[in-house]
1. Can you name the residue in segment 79-101 that is surrounded by 17 or more Cβ atoms within 10 Å (Cβ to Cβ) and of a type in the set (G, A, S) and is also nearest to F115 (Cα to Cα) among such residues?
2. Kindly list, by first and then second residue, each pair from a residue in segment 49-65 that is farther than 17 Å from F27 by Cα and assigned to a loop (DSSP other than H, G, I, E, B) to a residue that is open to solvent by 40 Å² or more (accessible area, probe 1.4 Å) and among the aliphatic types (A, V, I, L, M), limited to pairs with Cβ atoms under 9 Å and residues at least 6 apart or on different chains.
3. Mind counting the residues in segment 205-214 that are assigned to a strand (DSSP E or B) and open to solvent by 60 Å² or more (accessible area, probe 1.4 Å)?
4. Can you work out which of the residues in segment 349-360 that are out of contact with any helix residue (DSSP H, G or I) (no Cβ under 7 Å at 6 or more places or on another chain) and without any contact (Cβ under 8 Å) to a residue 40 or more places away in the chain is nearest to L90 (Cα to Cα)?
5. Just name the residue that is nearest to G358 (Cα to Cα) out of those in segment 296-310 that are open to solvent by 30 Å² or more (accessible area, probe 1.4 Å) and part of a strand (DSSP E or B).
6. Among the strands (runs of 3 or more DSSP E) contained in segment 102-183, which hold 1 or more residues that are on the phi < 0 side of the Ramachandran plot and open to solvent by less than 10 Å² (accessible area, probe 1.4 Å)?
7. Find the residue count for segment 180-190, including only residues that are closer than 20 Å to R252 by Cα and in contact with an Asp or Glu (Cβ under 7 Å, 6 or more places away or on another chain).
8. Tally up the residues in segment 184-204 that are in a helix (DSSP H, G or I) and either β-branched (V, I, T) or open to solvent by less than 60 Å² (accessible area, probe 1.4 Å) (or both), please.
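The values are calculated or read from the model by the stated rules, or taken from the named source; none is laboratory data. These numbers come from a predicted model, not from an experiment. Here the Cβ positions follow ideal geometry from the backbone for every residue, glycine too, while neighbour counts run over all protein chains shown. Accessible surface areas use protein heavy atoms only, side chains included; no ligands, DNA or RNA. Shrake-Rupley method; radii C 1.70, N 1.55, O 1.52, S 1.80 Å.
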Amino acid sequence: MPKEVAPGERRVALVPTVVSKLTEGGFEVVVESGAGAAAWYPDGTYEEAGAKIAPSAADLLSGADGVLKVGEPGQGPAGDELEQMREGALLIGFLQPLTNSELVKRLVDRRITSFAMEAIPRTTRAQSMDALSSQAVVAGYRGTLAAAESLGKFFPMLITAAGTAAPARVLVLGAGVAGLQAIATARRLGAVVEAYDVRPAVKEEVESLGAKFVQIEVQQGGEGSGSGEYAKELPEETQRKQRELLADRVARADCVITTAAVPGRQAPKLVTEDMVSAMAPGSVIVDLAAETGGNCDLTEPDQVVERQGVTIDGRLNLPSRMPYHASLLYANNVANLLTHLAPEGELNLDFDDEITVGACITHEGRIINERVRETAEGAVSA
């Protein structure tokens, strides 16, 4: 496990408690010195858990059978991480294979056996490996705290001798994992919460958390219509109707937390400039979809801006702002995938298994994942 090289990334792929489980399961774990420091996991805690400490990434990568990361390989202090990995090694991390065809090509050329955490199938068997969901929990929680911090009002109703403060009105757009966590957190803080999602099946989950479900009739059949599935992209005309019907709800909200994302696609635009104009001065929008373009027309990725009196928070990688627990959850996801692929510490890939074939991006110089292969071929032909 090397130290992450992406700017601002404080998470780490393994934590000491997970290292203990891996060493007991037959793995030899080597950690780059200082890898966990930004997440408050010092070297000593890894050594106590049975890991060896490597002085640099170059020492670690060149001899590793497998490399566990949060983000994709990049340029570190010792040079290109991918070039330092031995040919044929195993790589697990968030690799963005649908949007980074160049990395996929390099993985093929280096004959790396790579597994993308965002490609884990969304099935019951794979729940313990679902890093998108675990990190979405962190993002939903942290995004709600960011909204409360920026809003110049109390979230809960407060009755004092000096007067009564009405509770804040929070609107959550998208009731997937991040949205449900945002709802739960806003309710715990005492806000009045409404939520909207294109999937009517999530109504029960929203209401079970104490929020009101905003009912807007839009057609979304087939894949992505169930509460346990990802939403899929809607036709433009349906998106236009959706925005019109949401306008009144947005205008009345003190905080809007947007979480709507479609894997491998640009985020749908749900909050228009006109909607922002209709919000009261001092209102807040936290856009958890900023990484894929944002759900708000005025979101500026990785920036907090004020537009027409409304604060719009488009900061990226919110899980990295809670690195201790984000790393803990992610490390469990990674370890569960690793032990699935390598029982007893020995790599044994079964490509008839839905988890293995679904999450594998490259192996022995070939692209395994069908969607990634189609995307890569399209990039070459373009």
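1. Step by step, filter segment 79-101, then rank; the result is G93.
2. Final answer for the pair search is S56/A78.
3. Taking segment 205-214 first, the residues assigned to a strand (DSSP E or B) are 212-213.
Right, trim to open to solvent by 60 Å² or more (accessible area, probe 1.4 Å) and you get 212.
Here the count works out to 1.
4. Of everything passing the filter in segment 349-360, V357 is nearest to L90 (Cα to Cα).
5. V304
6. In segment 102-183, 113-116, 169-173 are the strands (runs of 3 or more DSSP E) which contain 1 or more residues that are on the phi < 0 side of the Ramachandran plot and open to solvent by less than 10 Å² (accessible area, probe 1.4 Å).
7. Count: 0.
8. 5
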